[in-house]
Amino acid sequence: MPRIAALKPEQVPADSKPTLDMFAKNIGFTPNMMATFATSPIAFNSWAALLGSLSKALDVKTRDSIGLAVSEVNGCDYCLTVHSFTANHMAKLPANEITLARKGHASDPKRDAAIQFARKVIETRGKVSDVDLKAVRDAGYTDANVIEIVALVAMYSLTNFFNNVVDPAKDFPAVAPAGSI
């Protein structure tokens, strides 16, 4: 049961409404996580701006794979349902690639390096080794890309922490819980 209730449309603060309406239009419905996050216009609009900016980082398969890897490490079952759905339907990742991403890998060598690096960032709280940094650079990522990976890890961690605290009702197809694959 959710620990903070998702807002009904008439309860959404005026400063959150345009952002929430934009997401609902783009997604086709209002996810419970967003209807809850909208309770704080400051936090919700800041997160939405970061999400919008980072949607231009790397490619969609890599972004969604990083989201899956980070959500697995952070034990966020809500985010795993969302990222599994979007990875399959938007990024067109097959089920085996979704499972690999949750384990911190990919069949594509370049994407694999980014996912492994992202996982190292979250597991070490950013205290990656020189070897870790060299591996992601050797795979073809620039210093700007490395910074984008770190930013993606931080953004996905924000939503993971939010959802782990709030525990919104899941409104995407169920997946195996974190740590069970």
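The values are calculated or read from the model by the stated rules, or taken from the named source; none is laboratory data. Source: prediction; values computed, not measured. Cβ placement follows ideal geometry from the backbone for every residue including glycine, while neighbour counts extend to all protein chains displayed.
Scanning the stretch 23-43 for residues that are surrounded by 14 or more Cβ atoms within 10 Å (Cβ to Cβ) and either at positive phi or not in a helix (DSSP H, G or I) (or both) yields a count of 5.
Which residues, counting only those in the stretch 87-105, are part of a loop (DSSP other than H, G, I, E, B) and either at pLDDT 95 or above or in contact with a helix residue (DSSP H, G or I) (Cβ under 7 Å, 6 or more places away or on another chain) (or both)?
Met90, Ala91, Leu93, Lys103, Gly104, His105 - these are the residues of the stretch 87-105 that are part of a loop (DSSP other than H, G, I, E, B) and either at pLDDT 95 or above or in contact with a helix residue (DSSP H, G or I) (Cβ under 7 Å, 6 or more places away or on another chain) (or both).
In the set Ser46, Ser65, Ser84, Ser71, only one residue is within 30 Å of Thr19 (Cβ to Cβ), assigned to a helix (DSSP H, G or I) and modelled with pLDDT under 95; that residue is Ser84. On inspection, Thr99 does not qualify as among the hydroxyl-bearing types (Ser, Thr, Tyr) and free of Cβ contacts under 8 Å to residues at least 24 places away in the same chain. For the stretch 34-48, which residues satisfy the criterion of being free of Cβ contacts under 8 Å to residues at least 60 places away in the same chain, under 14 Å from the mean Cα position of the chain (by Cα) and within 18 Å of Val165 (Cα to Cα)? Answer for the stretch 34-48, where residues must be free of Cβ contacts under 8 Å to residues at least 60 places away in the same chain, under 14 Å from the mean Cα position of the chain (by Cα) and within 18 Å of Val165 (Cα to Cα): just Met34. In the set (1) on the phi > 0 side of the Ramachandran plot; (2) assigned by TED's automatic domain parsing to the domain that holds Leu100, Glu72 fails one condition alone, (1). Restricted to the stretch 75-124, and to residues there that are within 22 Å of Lys170 (Cβ to Cβ) and small (Gly, Ala, Ser), the residue that is surrounded by the fewest Cβ atoms within 10 Å (Cβ to Cβ) is Ala95.
Only one of the listed residues (Val128, Val150) is free of Cβ contacts under 8 Å to residues at least 40 places away in the same chain, under 17 Å from the mean Cα position of the chain (by Cα) and at negative phi. That residue is Val150. Test Gly140 against the stated conditions and say whether it is surrounded by fewer than 17 Cβ atoms within 10 Å (Cβ to Cβ), at pLDDT 95 or above, assigned by TED's automatic domain parsing to the domain that holds His83 and not in a helix (DSSP H, G or I). The answer is yes for Gly140. Taking (1) closer than 24 Å to Asn32 by Cβ; (2) assigned by TED's automatic domain parsing to the domain that holds Ala69; (3) out of contact with any Asp or Glu (no Cβ under 7 Å at 6 or more places or on another chain) in turn, Arg119 satisfies each apart from (1).
A Cβ distance below 8 Å, combined with a sequence gap of six or more or placement on separate chains, defines the contacts here; from the stretch 49-61, residues that are more than 17 Å from Asp15 (Cβ to Cβ) reach no residue that is among the hydrophobic types (A, V, I, L, M, F, W, C) and exposed (fewer than 11 other Cβ atoms within 10 Å of the Cβ). Based on what the data block shows, is Ala6 part of a loop (DSSP other than H, G, I, E, B) and surrounded by 12 or more Cβ atoms within 10 Å (Cβ to Cβ)? Considered against the rule, which asks whether it is part of a loop (DSSP other than H, G, I, E, B) and surrounded by 12 or more Cβ atoms within 10 Å (Cβ to Cβ), Ala6 comes out as yes.
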